[in-house]
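See below for the structure under consideration.
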Amino acid sequence: MSDTGGHLRAIGADLAAGFGLLTRLPVGWLVPGDVPYRPGRAVWTYPLAGLLVGGAEAATLTACRNFGLPPVVGAGWTLVVAVVLTGGLHEDGLADTADGFGGGRTREHRLEIMRDSRIGSYGALALMLSLLIRVSALAAIPADRAVMALLVIGALSRGSMLVGLALLKPARTDGLSRGLGRISPSALAFGGIIALASSLMLTPSHAVAAIAASAAVAVIVCASAQRRIGGHTGDVLGTVCVAVDCVLLTLAAAG
């Protein structure tokens, strides 16, 4: 019985660490006082956080359509809910990465730019274009496929961040990625299984396409990060999430 209680407390601590990082939800109450805070062990919860965000998006988009709002308006409010729920964490990462990769001359210069809180032209363009793609795609997703599509996209986009954690080392000696500490291989594997299992909500052909697209986008972003800064940062992981989100929403809109 004590082992079961210990496992439940550990799961609660992992959920608090993962959801506390990827969302603005008040999850501190999930952390038991006798369980250490290990964010590197909590990475398996990332796809679950994505399912939650995707569920909120699906509920918002469905409600807007049921109220008869134009598709673009409903898509805009859906994205508002997603950004509020996540605190714009991934969008901030995309903007910082675009500025650093686009404007930096050396590895050190790129990392310095990425740490700057000010947004530059590359970051602004990347952010605006990503929002445009996502709103347009959300507006075009057929109503009968929207709920399942958004749930899967939420899980796969967050699950794709695990690719960066698996393939790359932290590019900094400090910061978010370094703060995760040692990443548990079993947590990475379990998180990947959860993300892949979410695709079972789609038809087999759509599931295969979604998984292949997610993996391809994640690998491309990670390869670029390795070449430019020698590893991953929290901003790079956020970029992976947004890039996968854009591509999968596009595929969902295309049918």
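The values are calculated or read from the model by the stated rules, or taken from the named source; none is laboratory data. The model shown is predicted, which means the values in this text are computed figures rather than measured ones. FYI the Cβ positions are ideal-geometry reconstructions off the backbone, even for glycines, and counts take in every protein chain you see. The accessibility values were calculated without ligands, DNA or RNA, using every heavy atom of the protein model including side chains. Shrake-Rupley method; radii C 1.70, N 1.55, O 1.52, S 1.80 Å.
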When the range 78-96 is examined, which residues are found to be surrounded by fewer than 16 Cβ atoms within 10 Å (Cβ to Cβ) and not β-branched (Val, Ile, Thr)?
-> 87
Quick one: which residue in 165, 129, 111, 156 is within 20 Å of residue 254 (Cβ to Cβ) and either touching a residue at least 60 places away in the same chain (Cβ under 8 Å) or touching a helix residue (DSSP H, G or I) at 6+ places or on another chain (Cβ under 8 Å) (or both)?
-> 156
Assess whether residue 207 counts as being under 15 Å from the mean Cα position of the chain (by Cα), open to solvent by less than 40 Å² (accessible area, probe 1.4 Å), within 30 Å of residue 71 (Cβ to Cβ) and modelled with pLDDT of 95 or more.
-> no
Is one or more of the residues making up the range 134-150 in a helix (DSSP H, G or I) and in contact with a Phe, Trp or Tyr (Cβ under 8 Å, 6 or more places away or on another chain)?
-> no
Taking the range 97-131 only, how many residues are open to solvent by 20 Å² or more (accessible area, probe 1.4 Å) and closer than 19 Å to residue 226 by Cα?
-> 13
Mind checking which helices (runs of 4 or more DSSP H) fall wholly inside the range 160-255 and carry at least 3 residues that are at positive phi and in contact with a Leu (Cβ under 9 Å, 6 or more places away or on another chain)?
-> none
Please enumerate the residues belonging to the range 213-255 that are buried (at least 17 other Cβ atoms within 10 Å of the Cβ), farther than 18 Å from residue 78 by Cβ and among the charged types (D, E, K, R).
-> 228, 235
Residue count, the range 63-102 (criterion: more than 19 Å from the chain's Cα centre (by Cα) and at positive phi) = 1
Out of all the residues in the range 18-53, which are part of a loop (DSSP other than H, G, I, E, B), more than 21 Å from residue 149 (Cα to Cα) and either modelled with pLDDT of 90 or more or not hydroxyl-bearing (Ser, Thr, Tyr) (or both)?
-> 24, 25, 26, 27, 31, 32, 33, 34, 35, 36, 38
Looking at (1) under 24 Å from residue 221 (Cα atoms); (2) in a loop (DSSP other than H, G, I, E, B); (3) at pLDDT 95 or above, can you tell me which one residue 118 breaks?
-> (3)
